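Reviewing the structure listed below.
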Amino acid sequence: MIKSYAVLGLGSFGTSVARTLMEMGMEVLAADRRKDLVAAVAPDVTYAVQVDVTNEKALCSIGLERMDGAIIAIGENLEASVMATILVKEMGVPFVVAKAETEMQKNILEKVGADKVVFPEKEMGIRLGRNIAGNFLDNFNLSPEVSMVEIPVKEEWIGKTLKELDFRNRYHLNIVAFRRFEELDSFPHPDDILQEGDIILAMGNNKDLSRV
């Protein structure tokens, strides 16, 4: 069954979320009070409506009660974000994600019902910093201590098997998959030989990952 999500607020963050959800096969209702932002995203989503997301009557008219989730992407305006979160929760939307810019905003949004609060700019900055410092191609935080990272195969690994390299004992890392020529092998075999240009997807403690 296809899930449906509402994205309220169509700044760069909201627009990016709306388009990504559509690319993943979801139904997306995108809403904003600005006509130009609604028009810009309309070709890329299921529905796009111009509406004041802090107006209860207006929100009730666009069918939010049928949504599986809602993303409140109005972090720069705390009052609007709080009002939208309250209204959407009162309509019975089961899962609400709200954007925040400070810890204080996060605490307030959680108190009024947000199921998850995100810091897009902060999280992207941390992710970019870790990628640069660790020479990773990409970094996925699973918890404050554990991550999955994409690592380009080092010169000294080329021509060796995963068994020979013994990542688990030598580096305390688990190899989840590796990518070769844009093809992902999610079930790597111990006898697979690494080649130049391969990308490894490794999971482990952040301290161990930073030492690789």
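The values are calculated or read from the model by the stated rules, or taken from the named source; none is laboratory data. As the structure is a prediction and not an experimental result, all values here were calculated from the model. Heavy atoms of the whole protein, side chains included, go into the accessibility calculation; ligands, DNA and RNA do not. Shrake-Rupley method; radii C 1.70, N 1.55, O 1.52, S 1.80 Å.
For region 56-112, with all protein chains in place and a probe radius of 1.4 Å, 53% of the accessible heavy-atom surface sits on carbon or sulfur.
At a threshold of 8 angstrom on Cα-Cα distance, excluding pairs fewer than six apart, so keeping six or more, what relative contact order does region 1-123 reach in percent?
Working: 246 pairs, mean separation 26.3, N = 123.
Across region 1-123, relative contact order equals 21 percent.
Per residue, how large is the accessible surface of region 1-82? Use a 1.4 angstrom probe and give square angstrom. Counting only protein heavy atoms, the per-residue value for region 1-82 is 52 Å².
Among HIS189, HIS172, the order of accessible area from largest down is HIS172, HIS189, computed with a 1.4 Å probe on protein heavy atoms.
The heavy atoms of MET26 offer some 50 square angstrom of accessible surface to a 1.4 angstrom probe.
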